Every structure is written in C-alpha cells, then in structure tokens.
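Some notes on the structure that comes next.
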Amino acid sequence: MEVIEGDGVKRKNLAAVLIVLLGLMTGYPLSAGAQLRRINIAYTATSPYQAVLIIAKETGLFKKHSLDPQLILTPGGSLGFQAMMGGDVAMVLSDGSSAVASNLAGADVVIIASFLNTFPYSLISIPEVKKVEQLVGGKVAISRFGSATDLSVRMSLAKVGLNPDKDVTILQIGTQTTRYAALQSKQVQATIITPPFTLTARKQGYNTLVDMAQLNIPFELTALLTRKSYIKSQRETVAAVVTALSEAVHFYKREKEPVIKILSKYLDTTDREALEETYREIGVKTLPEKPYPTLPGIQTILDEMAPKNPKAKASRPEDFVDMSFVKKLDDEGFFTRLYKK
C-alpha cells in the first residue's frame, strides 16, 4: 500500500520530497542512495490497534529507514506465528500470548515492542440480548482459537459469572469485519469488536454487554514478535522496523487528518464520526509513546496458562521479551526529540 503512486517524474519527485520532509520532521533524515531491505511482516487483524503498521507503510516511514516491507494479513495470531516459524515472514504484529505459548514450547520467539497494553474490546450483542446472562446457550464469534479475542471473551464472561466452556459456544469466524457481518446476519449472538465498529454498533441498536477497557486488565495485546535467530542475523533490520513503527505511533498521535484518511481506507469506512472515535480512543488515548513490552501484561498471560501448563507458573515475564531495541532508542533520547516536534 502506497499513498503516492502513479506515472510521471513530478509524482516521483513529490514522493521523494515528502519522504525527505518526514525525515526532517522527526530529526532522522534518510541516507542518500540507501538500498531498501525487503522484509515480510504479518499482521493478524484489520484493526486500528494494528494500524501503526499500515501508517508506517503509507507515510513512507519504512522507506525512510531503508525498508521495503510486504505486509501480509494472516487472520488470528496463530496463523501469523505459523508463518513466522515456517520462515515465510520475519516478524508478526500479534497478541503476546502467541509468543508466550510458543516460547514455553521451546520456540525462539520474543516480543520486541508493544503497541497496546490492555484489552480495548467491547463485547456486543444482537438487540434481543440485552444482558450478558442472556448469552447462555448462544454463540459468540472470535477471530481464532488461542487469539486475544478468544482469551478476552473467556475472561470477560468469567468475570460476569458465566462459564465460557459450558454456557456459550465460541466460534472462530475471522476478522472483525467478518465477525460483525456474522452478528448482523444473526449467525452469532455476540462478538468482540473495537472502534470504529463500536460506534456503528451503537447506531444500529446492538448492545454493549462488557466494555473491557473499563476492566483495565494488563495484557500484551498488540506486540511485535520475531525470532531470536532472526535478531542475531538481522539486528540492523529489526532495529529499523522498531524505529519506523515508533515514529508511526508519533504520526498516529499528531497527524489527525492524514491518519483518518489512512484509517478510512484501511478499515473500509467513510463514517467520519466513527473515524473520529477511532482516532480519539486509540491514537490519542491508547497507544504508548514508548513501545516497551509490558511485563504486567505478559504476567496476565502466564497466569491464564498456569493451570494447564506448569512451565508458565515457573516462568518470569522477562523471559519472553527483548527490550533492547526500544531501550536503545530511549537511551539515545529518540522519544524526547520526537515528541518535542
């Protein structure tokens, strides 16, 4: 996905000027004649919480750091993880539970950055279901089993006194758009959504049964994962990706109109009110300026796994992260300079 495409020298020159301007804005200009490094990066949901990846691509921030990424949608964290372990992608933007589970099983996967540190979901239902207790015997849509949507449904239902394994049938449906369509057709009675679908759902008469953001459960929800072996062989590339995404967070927070335009295309909606809610709730309120992996969020994952996996109970959150890339940027004053702009 590129914002500036097409034929003609003028358009190419304009693209070059804009990329240089981005470098001047952030204080890290492009190196002349730098060769772009190709890299495959998977993302696991068409969600504004993973839009930082798309923003980095659309605004030329990846190119600024000499990267030419192919972004691949692999719905659900498990598919993205499998693609990474199979060598098809170098990194995955996914929930942290994939990294923790695979690490416990012996894989060399680590979390190197985090862009969302709690559950932001809303559990919504068809108009006929006005209370969460009315879901008993019904169907709830998630992306895939083992994903963050799966865990968040189970945790939210358990908190209100329902047994997610007995009281409801949980179905893996796919992306948020697909889950919402399943709700509209009443194939399911409830699903997990994020902005902008939250506003759309309210307008269409759907009920919010649980607002998980208010529960403020620490969780490593949107994490950048890679393999230790890849870090060892391609450390410069990994550092460039983390830097580009850190700058994309800054762009997300500070450049409202360009971001809304990108979100409109990415989320396939022209509803200005919904896009405004998305920008406000995510770009302004939710995204951390410094994308350190969240240790309390990883501890939540370990606590959930511990009853069935003794290794989880004996593990520390620090065992699943490599904070060196974000810390290096922090120690060098990167974030201080960035947010002074």
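Some notes on this structure:
- Looking only at the range 146-172, and only at residues there that are surrounded by fewer than 23 Cβ atoms within 10 Å (Cβ to Cβ) and β-branched (Val, Ile, Thr), the one that is modelled with the lowest pLDDT: VAL160
- When ARG280 is tested against the conditions (1) at pLDDT below 95; (2) of a type outside the set (A, V, I, L, M); (3) within 24 Å of LYS328 (Cα to Cα), the lone failure is (3).
- Of everything listed in (1) modelled with pLDDT of 90 or more; (2) of a type in the set (A, V, I, L, M); (3) over 24 Å from the mean Cα position of the chain (by Cα), the single unmet condition for ILE142 is (3).
- Scanning the range 78-89 for any residue that is more than 21 Å from THR300 (Cα to Cα), without any contact (Cβ under 8 Å) to a residue 12 or more places away in the chain, more than 12 Å from the chain's Cα centre (by Cα) and assigned to a helix (DSSP H, G or I) turns up at least one such residue.
- With respect to the stated conditions, ILE54 fails to be in contact with a Pro (Cβ under 6 Å, 6 or more places away or on another chain) and at pLDDT 85 or above.
- Lone qualifier among LYS311, LYS232, LYS327 - being out of contact with any Lys or Arg (no Cβ under 7 Å at 6 or more places or on another chain) and either outside any helix (DSSP H, G or I) or touching a residue at least 40 places away in the same chain (Cβ under 8 Å) (or both): LYS311
- Answer from ALA223, ALA182, ALA190, ALA201 - the residue that is crowded, with 24+ Cβ neighbours inside 10 Å, aliphatic (A, V, I, L, M) and over 16 Å from the mean Cα position of the chain (by Cα): ALA190
- Among the candidates SER97, SER47, SER114, the residue that is surrounded by 22 or more Cβ atoms within 10 Å (Cβ to Cβ) and part of a strand (DSSP E or B) is uniquely SER114.
- Subset of the range 266-278 that is in contact (Cβ under 8 Å) with a residue 24 or more places away in the chain and assigned to a helix (DSSP H, G or I) - its residue that is nearest to LEU245 (Cα to Cα): TYR266
- Just one of the numbered conditions (1) more than 30 Å from LYS131 (Cβ to Cβ); (2) at pLDDT 95 or above; (3) crowded, with 18+ Cβ neighbours inside 10 Å is not true of TYR206: (1).
- Checked against the criteria, MET323 does not count as modelled with pLDDT under 95 and surrounded by 13 or more Cβ atoms within 10 Å (Cβ to Cβ).
- Selected residue (only one of PRO291, PRO296, PRO307 is touching a strand residue (DSSP E or B) at 6+ places or on another chain (Cβ under 7 Å) and surrounded by fewer than 17 Cβ atoms within 10 Å (Cβ to Cβ)): PRO296
- Residues of the range 212-220 include at least one that is in contact with a helix residue (DSSP H, G or I) (Cβ under 6 Å, 6 or more places away or on another chain), among the acidic types (Asp, Glu) and either over 25 Å from ASP303 (Cβ atoms) or touching a residue at least 24 places away in the same chain (Cβ under 8 Å) (or both).
The values are calculated or read from the model by the stated rules, or taken from the named source; none is laboratory data. Keep in mind that this is a model prediction, so the values were computed, not measured. A quick note on method: Cβ atoms are made from the backbone with ideal geometry, for glycine too, and the neighbour counts reach across all protein chains shown.
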